[in-house]
Amino acid sequence: MFKGNKKYFYIFAGLFGLIILVQYLLPKPINWNHTYLAKDKAPFGAYAVRNLLPGIYSGQLTENNQTFYNLNEKISDSSSVLLINDKFAFNKSDVRSLFELLQRGNKVFIAANQFEGIFADTLHITTHYDFSDYFSSIDSLLNKPGEAIKLKAQNHRYSKYIYSQAATMGSFRSFDSTRFRVLATIQDGKACLISASFGKGTLYLMSVPDVFANNFIVNSPNRELAYTMLTLLKNKQFVWDEYYKTFNVTNYSMIKFILESDALYSAYLLLFFTLILYMIFEGRRRQRAIPIVQPVTNSTLEFVNVISHVYFSSNNHRDIAIERIKYFYETIRTKFNVVTTDINEQLVKEIAELSGIEHKLVKQLFAYCEKIKNRTEISEYDLIELNRQISNFNKNSLR
């Protein structure tokens, strides 16, 4: 592709490398995505709470990267499962396996702003999430006080945890109050933490997953609320879920990886548009110019014109007339299939019938031709008259 244009290849490669280097050396922007991933140290990752679990809240910590169906076969009874994400919309198989976990005596804690799909329909719950601050700067929201979370337990009745507006505060708009019990509320007494017993197990649902985010645990007084939530799940065997995350790294493709990196994305765009420009301006086929070959010209008429002028200029009218008569007789033989060696009445009559010209005019023409042939000299007038009569015959002949 770059044959004969290696300079363009070097330029493209240099620019590509330069952009990646510049982007790599620039300070990396803070990732404000609500990933809740165990390895993510960003403000809304879950690195801090994930590393608090071993030894303090669990004897054995297992990380789940499969569905509830597979998890159900691997863990023993009386285990605790913690799921944190921005939203959950489990399918039928997930919901069925989840309730099997609960029936066996396991504790399941699910924290999300929104619960959707068949899971929400089965439990008859609806959640509310305020999007009013969605387009605000995250830096400004971090310093603005937001809503407070209050625990309903007797030993925590005076505890109040005020979060900044950067925390996504969801609440349960409706739920089955005969089954679920409210454990914590936000502003105006709206429930944000509810629990219910299913068989031998307990299900906890929380609408504020940011309680477990790094930003509200590391060097934050509100970390006490996260510790209280984990106390509800304290168990010998603890399962941390990574499968049901929106930012699950196992679902990443190469294109998604490139698009999420500013350096690779910029270099990818540069490479793409550069190749487009190259194909437009340099990718067309190159070849030597094809010379224009002039077609062979028919010079017969020019030759005849020159010869006739030579004859005419030399006043050799008889020779021109003889050539004209020869050519006329040849035409007669070809068109009418007759013999012109002997010009007689029978020949004249036959030609008159075949040509459709009056017998008198045909006879006059042949008589004039024979008269010219027998002369030793003729005038210019005789030559012109001969040509006129022959031309009239050819013009009016049916053949």
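The values are calculated or read from the model by the stated rules, or taken from the named source; none is laboratory data. Keep in mind the model is a prediction, meaning the values are calculated, not measured. Methodologically, a virtual Cβ is constructed for each residue, glycine included, from the backbone with ideal geometry; neighbour enumeration extends over all protein chains shown.
Here the range 51-95 is the region considered, the condition is being among the acidic types (Asp, Glu) and surrounded by 13 or more Cβ atoms within 10 Å (Cβ to Cβ), and the residue that is nearest to Gln114 (Cα to Cα) is Asp86. The set of residues from the range 369-398 being in a helix (DSSP H, G or I) and of a type in the set (Val, Ile, Thr) comprises Ile372, Ile384, Ile390. Looking only at the range 359-381, residues that are farther than 9 Å from Arg318 by Cα and touching a Lys or Arg at 6+ places or on another chain (Cβ under 8 Å) come to 1 in all. Within the range 315-328, is even one residue touching a Cys at 6+ places or on another chain (Cβ under 8 Å), over 30 Å from Lys87 (Cα atoms), modelled with pLDDT of 80 or more and not β-branched (Val, Ile, Thr)? Looking through the range 315-328, at least one residue is touching a Cys at 6+ places or on another chain (Cβ under 8 Å), over 30 Å from Lys87 (Cα atoms), modelled with pLDDT of 80 or more and not β-branched (Val, Ile, Thr). Candidates in the range 169-201 are the residues that are under 17 Å from Phe115 (Cβ atoms) and polar (S, T, N, Q); of these, the one that is farthest from the chain's Cα centre (by Cα) is Ser177.
Checking each residue in the range 179-216 for being in a helix (DSSP H, G or I) and in contact with a Ser or Thr (Cβ under 6 Å, 6 or more places away or on another chain) picks out only Asp210. Could you go through the range 329-344 and let me know if any residue there is touching a Phe, Trp or Tyr at 6+ places or on another chain (Cβ under 7 Å) and in contact (Cβ under 8 Å) with a residue 12 or more places away in the chain. Yes: one or more hits.
Applying the set (1) over 30 Å from Ser379 (Cβ atoms); (2) of a type outside the set (A, V, I, L, M, F, W, C); (3) touching a helix residue (DSSP H, G or I) at 6+ places or on another chain (Cβ under 7 Å) to Asn298 leaves exactly one unmet item: (3). Counting only helices (runs of 4 or more DSSP H) that sit completely within the range 217-284, those holding 1 or more residues that are modelled with pLDDT of 90 or more correspond to 223-233. Can you find, within the range 102-121, the residue that is farthest from Phe172 (Cα to Cα) among those that are part of a loop (DSSP other than H, G, I, E, B) and small (Gly, Ala, Ser)? Across the range 102-121, the extreme among qualifying residues is Gly105.
Across the range 151-168, the qualifying residues are those that are of a type outside the set (Val, Ile, Thr), assigned to a strand (DSSP E or B) and within 50 Å of the chain's Cα centre (by Cα), and the one among them that is farthest from Pro221 (Cα to Cα) is Ser164.
The requirement of being part of a helix (DSSP H, G or I), touching a Cys at 6+ places or on another chain (Cβ under 9 Å) and surrounded by 12 or more Cβ atoms within 10 Å (Cβ to Cβ) is fulfilled nowhere in the range 350-368; no residue meets it. Mind listing just one residue for me: the one in the range 55-101 that is part of a strand (DSSP E or B) and either over 43 Å from the mean Cα position of the chain (by Cα) or not assigned by TED's automatic domain parsing to the domain that holds Val239 (or both) and, of those, modelled with the lowest pLDDT? Of everything passing the filter in the range 55-101, Gly59 is modelled with the lowest pLDDT.
Looking only at residues in the range 203-236 that are closer than 17 Å to Trp32 by Cα and hydrophobic (A, V, I, L, M, F, W, C), which one is surrounded by the fewest Cβ atoms within 10 Å (Cβ to Cβ)? Filtering first and then ranking leaves Val218.
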